[in-house]
1. Given the -39500 (n - 2.57) contribution per DSSP H run of 4+ residues, what per-residue ellipticity at 222 nm results for the chain, rounded to the nearest 500 deg cm²/dmol?
2. Write down Rg/Rh for the stretch 79-202, rounded to two decimals, with Rg from the C-alpha atoms and Rh from the Kirkwood relation over Cα pairs.
3. Please give every one of the aspartates and glutamates within straight-line cross-link reach of Lys129, meaning a C-alpha to C-alpha distance under 13 Å, and leave out same-chain neighbours fewer than 8 residues apart.
4. So, in Å, what gap is there between the alpha-carbon centers of the stretch 79-141 and the stretch 147-206?
5. Give the residue from Pro169, Leu113, Pro182 lying farthest towards the positive end of the charge dipole for the stretch 79-202; charges sit on Cβ (+1 for Lys and Arg, -1 for Asp and Glu) and the dipole is referred to the Cα centre.
6. Points 7 angstrom from Cα along the Cβ direction at Ala36 and Arg9: gap in nanometres?
7. Mind grabbing the base-10 log of I(q)/I(0) for the chain at q = 0.08, 0.11, 0.13 Å⁻¹? Debye formula, identical points on the C-alpha positions, no solvent, two decimal places.
Amino acid sequence: MLDDLALPRTDAAQVRPLVGKGSEHLIRAVLDRASASRQSVAKTEKDGRSQSVFDSAWERYQSHYLAVNGQNAHVFPGVIEGLEAMRASDLRLACLTNKPTAFAVSLLASKGLAGYFSHVFGGDAFERKKPDPLPLLKTCEALGTSPSRTLMVGDSSNDAAAARAAGCPVVLVTYGYNHGEPVREVDADGFLDSLSELSTVFGFGVARPTRNGSTAT
């Protein structure tokens with residue numbers, strides 16, 4: 001994307017802490033850094049090109065993202081077992097993410113996870129994104145459950161803040177993204193090193209392997 005816009009490249013270490021607040025936030029943050037490195041932020045704002053630059057970046061980002069979506073992604077150990085245990089207990093599951101819905105749907109499908117969720121909501125599904133509670137409250141409505149009886153399983157302060165504001169209990173996995181900050185310092189009701197621990201912690205189901213006896217990684 002940055003190459004397409006003739007802007008300086010960045011690297012994964014700089015981008016990783018920016019992940020989790022939605023693609024729009026990610027793009028704007030990356031553009032700000034790239035523009036600052038060329039000392040052109042002031043000019044961009046003054047001549048009114050900031051929105052047009054973002055629009056071009058958004059178009060290129062979507063094109064590149066969809067072309068490689070899931071190619072370098074792996075399912076964390078214990079995820080399949082955890083999802084199987086929840087499904088065995090007839091729990092209703094939804095996926096709520098700040099990434100665009102189309103990206104989330106195709107990613108889940110490519111990793112064989114789509115069938116576990118009755119609903120998939122992306123950052124473009126509602127008027128606001130996490131950490132605002134609105135997406136989580138709307139997800140509870142779709143699931144037909146009250147917030148107090150809906151467990152949010154996340155990996156970041158964004159997820160925890162949304163859950164707290166919505167009135168949902170929340171646990172966080174200790175892997176994934178948390179804007180570069182230690183996840184165990186986040187205000188949450190508990191932490192999991194593996195999603196398979198959910199059945200033990202909350203006493204539902206029995207964790208078991210997938211139908212073919214293997215675990216996705």
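1. Working: 9 runs with 89 residues, N = 217.
So the helix-based figure for the chain works out to -12000 deg cm²/dmol.
2. On the way: Rg = 13.5 Å, Rh = 14.6 Å.
Rg/Rh for the stretch 79-202 comes to 0.92.
3. Result set, ordered by chain and number: Glu24, Asp159.
4. Rounded to whole Å, the Cα centres lie 14 Å apart.
5. Leu113
6. Those two pseudo-labels are separated by 2.1 nm.
7. -0.32, -0.60, -0.81
Each value in this text was obtained by applying a stated rule to the coordinates, not by laboratory testing. All figures in this text were calculated on a predicted structure; none of them were measured in a lab. Positions of Cβ are backbone-derived with ideal geometry, glycine not excepted, and every protein chain shown enters the neighbour counts.
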